[in-house]
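Read through the structure below, which is laid out as structure tokens, and then see the notes.
The values are calculated or read from the model by the stated rules, or taken from the named source; none is laboratory data. The model shown is predicted, which means the values in this text are computed figures rather than measured ones. Cβ coordinates were reconstructed from backbone atoms using ideal geometry, including for glycine residues, and neighbour counts include every protein chain displayed. For accessibility, only protein heavy atoms count, side chains too; no ligands or nucleic acids. Shrake-Rupley method; radii C 1.70, N 1.55, O 1.52, S 1.80 Å.
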Amino acid sequence: LFTALRAESSLAQGRLAEAETYAREVLQLGGDAPSHWLCGGVLTVLITVCTATGRYEEAVRLLDRPGPDGFFRSVYGLDYLRARGRFLLAVGRPHLALSDFLAEGRYTERWELSLRPRPTWRIDAAEAWLALGNTHEAEQLLVAHEAASGTEGALVTGLWLRVRAQLAEVGERPGLLTRAAEQLHAFGDSWELARVLVDLAEAYQDLDQSARADLTLRKAQQLAEECGAGPLRERIAFLGL
């Protein structure tokens, strides 16, 4: 239990290598067919880490592993659905990703999970709709998220602002993304912060503010290197570093 919690805590801070080490330790104890929900939880951690680091074939193998009995009918399966959806989004399968995010939303609302942190499924689904080119559905989901009741934390606020910026006018994007970066820095998730900083650098480039763009990209590059986030490093290189 303690090791599994350390895996989840490390992931929440963007310390991907550390999260993977703890998660693999728990999975080794569980064997090929884990019987406890904790093993399903650390499987989710590993899928998320592999997605962030660009090890997509390994993520597929993890997704093929059986989950614990009853795992997908429990609240612990919600995080798995989100991790699978984010993987599918990363590999260019937004239709399938959207299906997972909407399924997560149906279960969340059906079970009325008031004790869980404010759900992010609408934010994730909005990002999937944007990948599909449907700005109207994305806008509707972001508005619905903003109107939903619940306690808003720095992480969720930062994620919402990042996707919201993709719908904003070019001149408004730096302000939204700067606020997102502040929220994610306060939360302490270096991987999500790096993603936002890359978006911010691109927004500065669109406004021909090259000095700000370069400085922001360098900050993002440092965080991406620390996290081992291969796809993010490739995007940074494409933008100019």
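Quick notes on this one:
- Across the stretch 185-241, the qualifying residues are those that are hydroxyl-bearing (Ser, Thr, Tyr) and under 28 Å from Ala19 (Cα atoms), and the one among them that is farthest from the chain's Cα centre (by Cα) is Thr216.
- Top-ranked residue of the stretch 170-199 - restricted to ones that are among the acidic types (Asp, Glu) and open to solvent by less than 40 Å² (accessible area, probe 1.4 Å), ranked as nearest to Glu8 (Cα to Cα): Asp189
- Single unsatisfied condition, Leu27 versus (1) in a helix (DSSP H, G or I); (2) more than 21 Å from the chain's Cα centre (by Cα); (3) modelled with pLDDT under 85; (4) surrounded by fewer than 18 Cβ atoms within 10 Å (Cβ to Cβ): (4)
- Total residues in the stretch 95-153, condition on the phi > 0 side of the Ramachandran plot and at pLDDT 95 or above: 1
- In the stretch 141-169, the residues that are over 17 Å from the mean Cα position of the chain (by Cα) and loosely packed, with under 15 Cβ neighbours inside 10 Å: Val143, Ala144, Glu146, Ala147, Ala148, Ser149, Gly150, Thr151, Glu169
- Inspection of the stretch 75-96 identifies at least one residue that is under 29 Å from Ala148 (Cα atoms), outside any helix (DSSP H, G or I) and over 17 Å from the mean Cα position of the chain (by Cα).
- Against the conditions (1) closer than 24 Å to Cys227 by Cα; (2) open to solvent by 70 Å² or more (accessible area, probe 1.4 Å); (3) without any contact (Cβ under 8 Å) to a residue 60 or more places away in the chain, Arg15 satisfies every one except (3).
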